[in-house]
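*Asks:* Mind looking over this structure? Questions follow.
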Amino acid sequence: AQSVTQLGSHVSVSEGALVLLRCNYSSSVPPYLFWYVQYPNQGLQLLLKYTSAATLVKGINGFEAEFKKSETSFHLTKPSAHMSDAAEYFCAVSEWGSQGNLIFGKGTKLSVKP
Amino acid sequence: KAGVTQTPRYLIKTRGQQVTLSCSPISGHRSVSWYQQTPGQGLQFLFEYFSETQRNKGNFPGRFSGRQFSNSRSEMNVSTLELGDSALYLCASSQGTSGLDEQYFGPGTRLTVT
């Protein structure tokens, strides 16, 4: 069965610093890959998704992620953190042919220091 | 376009009782998925309905059930509540035609079992 590992349950960066949130998936066959963000007391919002059209995926709010098949990774980055980026971030996978069933990582809580 | 709505937003129940949660998807979406979010287990997939049929099911006991109506609205029911059922229950809707379809999440129902 598919699994997703997010390294680091908490990440703290200074405002303006690089954000790097790590995600590794378990399948030898690249699944569909997603990053979601959750702000306090809210549902999840899609940041970006990997569609196999390009290995570097650009999302909303200046985030991007790079798919690396050799490393089974899909790390999320943002060049310059903003205070409003403080939230919890989830990496998720969906297997081929499995609609509506997302397998989530445990999440990484991002704190941004002024 | 209205987003995914969930009712009620907060609920307090006693052990042994049952509860029904409701989810109204985005207009035109035919798939509704349900997830349980807890601090310990993270986000876990419960089940997914598409055109009134359960299409996928997670690894939860039979006390957790759901249904979908002809207008795509969905309900989930938990019978014989246990303390461990305390969680945020999220529903998400999508077109449901591909694993790449974006899932749009509602704000969730916070269930507390005492």
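*Asks:* Output the number of the condition that residue A:111 fails; it satisfies all remaining conditions of (1) at pLDDT 95 or above; (2) over 14 Å from the mean Cα position of the chain (by Cα); (3) over 28 Å from residue B:89 (Cβ atoms).
*Replies:* All conditions pass for residue A:111, except number (3).
*Asks:* Considering only residues that are of a type in the set (Asp, Glu) and in contact with a Ser or Thr (Cβ under 7 Å, 6 or more places away or on another chain), which ones fall in the range B:63-93?
*Replies:* Hit for the range B:63-93 is B:75, nothing else.
*Asks:* With the condition being facing chain A (nearest Cβ under 9 Å), free of Cβ contacts under 8 Å to residues at least 24 places away in the same chain and buried (at least 16 other Cβ atoms within 10 Å of the Cβ), I'd like the strands (runs of 3 or more DSSP E) fully within chain B carrying at least 1 qualifying residues.
*Replies:* Strands (runs of 3 or more DSSP E) meeting the threshold: B:42-50, B:53-57.
Residue by residue, here is whether (1) modelled with pLDDT under 90; (2) closer than 21 Å to residue B:35 by Cα; (3) in contact with a helix residue (DSSP H, G or I) (Cβ under 7 Å, 6 or more places away or on another chain) holds:
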| residue | (1), (2), (3) |
| --- | --- |
| A:5 | no, yes, no |
| A:8 | no, no, no |
| A:14 | no, no, no |
| A:21 | no, no, no |
| A:41 | yes, yes, no |
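*Asks:* Next up: Out of everything in the range A:5-26 that is small (Gly, Ala, Ser) and outside any loop (DSSP other than H, G, I, E, B), what residue ends up being least open to solvent (accessible area, probe 1.4 Å)?
*Replies:* A:14
The values are calculated or read from the model by the stated rules, or taken from the named source; none is laboratory data. A quick note: this is a predicted structure, and the numbers were derived from the prediction, not measured. Don't worry about glycine lacking a Cβ; one is built from the backbone with ideal geometry, like all the others, and counts go over all protein chains shown. Ligands, DNA and RNA are stripped out before the accessible areas are found, and what is left, the full protein with its side chains, is counted by its heavy atoms. Shrake-Rupley method; radii C 1.70, N 1.55, O 1.52, S 1.80 Å.
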